[in-house]
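Please read the structure below before turning to the comments.
The values are calculated or read from the model by the stated rules, or taken from the named source; none is laboratory data. Quantities reported herein were computed from a predicted structural model and do not represent experimental measurements. Every residue, glycine as well, gets a Cβ built from its backbone with ideal geometry; the counts of neighbours run over all protein chains shown.
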């Protein structure tokens, strides 16, 4: 499970639409919980920062246990609305590690050429993908 904290490719550091990232966290938590409850390994990574450890990368290797579920949910609860790195950099780290045989969910507000390139490299390594686009919510004035 990979969550992109960037709303668009021009955003830097502070999340400009926190409600969209909160929606992404909710989706990610639901998918992780369902996977683990069905006996499927689940992990989590994002380009966001932990509130109390801003220089620590958020990456949890896939495992299947109740402890893993609590660990992922606890980590999600500790995230601040700031980015640690660009999302394509996070995905590049995975292509550099040459991960293979994974079913990967990506929750993101956009896919640009650089992100698409990393997705295609990961597909060639034998991973499957589901990209879930995080759409903007209704305007704050209800329109």
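Identify, from the list 51, 45, the residue that is in contact with a strand residue (DSSP E or B) (Cβ under 9 Å, 6 or more places away or on another chain), closer than 18 Å to residue 4 by Cα and modelled with pLDDT of 95 or more.
Residue meeting the stated conditions: 45.
On the basis of being surrounded by 16 or more Cβ atoms within 10 Å (Cβ to Cβ), out of contact with any strand residue (DSSP E or B) (no Cβ under 8 Å at 6 or more places or on another chain) and either over 12 Å from residue 85 (Cα atoms) or without any contact (Cβ under 8 Å) to a residue 60 or more places away in the chain (or both), does residue 17 make the cut?
So residue 17 passes the test.
Scan the range 61-83 for residues that are closer than 20 Å to residue 104 by Cβ and loosely packed, with under 11 Cβ neighbours inside 10 Å and jot them down.
61
Collect the residues in the range 1-11 that are in a loop (DSSP other than H, G, I, E, B) and in contact with a strand residue (DSSP E or B) (Cβ under 7 Å, 6 or more places away or on another chain), keeping them in residue-number order.
1, 4, 5, 6
Only one of (1) at pLDDT 95 or above; (2) in a loop (DSSP other than H, G, I, E, B) fails for residue 68. Which number is that?
All conditions are met except number (2).
Find the residue count for the range 104-132, including only residues that are in a loop (DSSP other than H, G, I, E, B) and closer than 11 Å to residue 4 by Cα.
3
Find the residue count for the range 58-74, including only residues that are within 12 Å of the chain's Cα centre (by Cα) and without any contact (Cβ under 8 Å) to a residue 40 or more places away in the chain.
Residues that pass the stated criteria total 3.
For the range 100-124, give me each residue that is in contact with a helix residue (DSSP H, G or I) (Cβ under 7 Å, 6 or more places away or on another chain) and over 24 Å from residue 17 (Cβ atoms).
Those that are in contact with a helix residue (DSSP H, G or I) (Cβ under 7 Å, 6 or more places away or on another chain) and over 24 Å from residue 17 (Cβ atoms): 121, 122.
Would you be able to tell me the number of residues in the range 31-57 that are touching a helix residue (DSSP H, G or I) at 6+ places or on another chain (Cβ under 7 Å) and either part of a loop (DSSP other than H, G, I, E, B) or loosely packed, with under 12 Cβ neighbours inside 10 Å (or both)?
Going through the range 31-57 one residue at a time, the tally reaches 1.
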